[in-house]
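Read through the structure below, which is laid out as structure tokens, and then see the notes.
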Amino acid sequence: MKIILKVFVKLVLNFLFLVALSPIGLLVYVSIYIRNWLYDKQILKSVKPEVFTISVGNLNFGGTGKTPHVEYLVRLLANKYKTTILSRGYMRGTKGFILADDKATAYTIGDEPMQYYLKFKDKVNVAVNRNRVDGVNKIQSQITDNQLVVLDDAFQHRPIAPHLNLLLCDYNQPFFEDNTTPFGSLRDLRQSAKRADAVIVTKCPNDISFEEYKIIMTGISQYTLPDTPVFFSIIKYKSVVGYSSKSIFKANKATDIITAIANPELFIYHLYEQAINVNFVRDYPDHYSFSRKDIDKAIEATENFRKVPQIISTEKDMVKIKPLLNDDELKRFFYLPIEIEMKDKKSFDAFVLGKIKGYRTSVSHTPKL
């Protein structure tokens with residue numbers, strides 16, 4: 001009887017909680033709907049830049065894999081076109097437009113842009129600006145030979161109208177089964193998927209059954225325009241890399257994990273799957289700005305309590321943690337890089353390159369007034 005009563009009370013409390021949230025949920029939904037309607041009806045203006053722009057974004061609050069997909073585009077395009085990555089620079093400690101140089105840090109430009117810069121500074125330029133229209137204009141004025149801009153996380157930034165809008169959809173939490181906040185993780189409406197020129201289903205398993213494929217395609221097609229292509233991508237984990245060239249990682253040694261990403265579950269699961277001797281997981285909020293106090297806490301725990309000789313992080317967290325470490329500490333820290341593999345690489349690459357070529361051809365044949 002007591003168990004039944006407890007279950008009943010829990011159900012009632014959950015119901016009352018949902019009722020209390022309903023007005024907030026309705027307000028969020030209506031405000032997003034009105035904003036999108038104003039842009040769709042061109043009451044609020046969207047600017048399409050002269051330079052070809054590719055947006056990589058999603059409908060939810062994060063965790064779909066935008067960063068490795070931006071990196072995939074860099075590897076595909078940087079040798080063919082003078083390319084710049086433009087990001088908002090979320091959680092950075094500065095404002096306005098910044099073009100990254102060797103003085104840049106995760107504090108000045110943000111963790112993801114810093115990762116791009118460290119990886120690709122010899123191939124592309126990296127810039128940050130919350131105002132994407134102003135950012136593109138400044139890129140074109142300061143880098144006169146720039147030919148292409150990749151917009152990191154700009155799907156909801158309606159003031160700019162990219163030439164190619166790539167929408168990411170998490171295989172594990174597809175937008176067509178999700179809801180707007182506070183009832184789900186969406187920051188935009190499902191119907192906004194109609195703005196996508198293509199959808200990429202991310203974090204897929206190596207083998208998707210035909211039944212799963214049909215469910216996903218049907219779910220996505222409810223919200224996209226007819227004939228919008230859908231592609232599928234897989235996360236490929238690379239070998240563990242040391243913060244220092246002197247670091248030597250040993251999978252059988254006890255290892256602590258430290259992360260500050262939206263959905264760390266796959267990252268942590270992979271480490272377990274690789275038979276790495278995971279001892280403790282220290283998980284922080286996405287884009288968390290690590291302090292020396294955090295590092296001291298992690299190192300003190302490994303030295304005083306568990307005798308853990310190794311600490312492993314994501315690559316995005318590495319760019320924030322590494323500057324806080326001394327030479328001796330660097331030897332104990334490692335990170336795990338990831339890359340994206342497109343399941344139908346030829347079709348996807350041809351789709352992207354075809355869009356760019358088509359635009360550049362049309363522009364070159366447009367008579368100047």
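Figures for the structure shown
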item: Solvent-accessible heavy-atom area per residue, rounded to whole Å², over the chain at 1.4 Å; result: 53
item: Gyration tensor verdict on the range 204-355 (Cα atoms; rounded if a/c is under 1.5, prolate if a/b is larger than b/c, oblate otherwise); result: prolate
item: Centre separation in Å (Cα based) which lies between the range 231-249 and the range 37-90; result: 25
item: Among ASN206, ASN263, ASN125: highest mean-square fluctuation, GNM of the chain, C-alpha pairs under 10 Å; result: ASN206
item: Shape call, the range 55-166: gyration tensor on alpha carbons, a/c limit 1.5; result: rounded
item: Sum of side-chain charges, ASP197 neighbourhood, beta-carbon under 11 Å (Lys, Arg +1; Asp, Glu -1); result: +2
item: Equivalent ellipsoid, the range 100-196 (semi-axes from 5 times Cα gyration tensor eigenvalues, Å); result: 29, 17, 12
item: Kyte-Doolittle mean at least 0.0 and Cα axial length at least 20 Å: DSSP H helices in the chain; result: 2-40
item: Carbon/sulfur fraction of accessible area - the range 152-221, other protein chains in place, 1.4 Å, %; result: 50
item: Length released on extending from ASP40 to LEU118, taking residue separation times 0.36 nm less the Cα-Cα span; result: 24.3 nm
item: Sum of side-chain charges, LYS316 neighbourhood, beta-carbon under 12 Å (Lys, Arg +1; Asp, Glu -1); result: -2
item: Choice from LYS346, LYS355, LYS119 with maximal GNM fluctuation in the chain (Cα, 10 Å cutoff); result: LYS346
item: Nearest-0.05 FRET efficiency for ALA254 and TYR359, computed from C-beta distance (R0 51 Å); result: 0.45
item: Å³ per residue enclosed by the Cα convex hull of the chain; result: 192
item: Contact order normalised by residue count of the chain, Cα under 8 Å, 6+ apart, percent; result: 18
item: Difference of contour (0.36 nm per residue) and Cα-Cα distance, THR218 to GLU265; result: 14.2 nm
item: Charge sum, other residues only, whose C-beta stays under 14 Å from ASN60's C-beta, Lys/Arg counted +1 and Asp/Glu -1; result: -2
item: Stretch gain in nm, segment ASN131-ASP207, where the contour uses 0.36 nm per residue and the Cα spacing is subtracted; result: 23.4 nm
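The values are calculated or read from the model by the stated rules, or taken from the named source; none is laboratory data. Keep in mind it's a predicted model, so treat the numbers as computed, not measured. For neighbour counting, all protein chains shown are included, and Cβ atoms are generated from backbone atoms with ideal geometry for every residue, glycine included. Ligands, DNA and RNA are stripped out before the accessible areas are found, and what is left, the full protein with its side chains, is counted by its heavy atoms. Shrake-Rupley method; radii C 1.70, N 1.55, O 1.52, S 1.80 Å.
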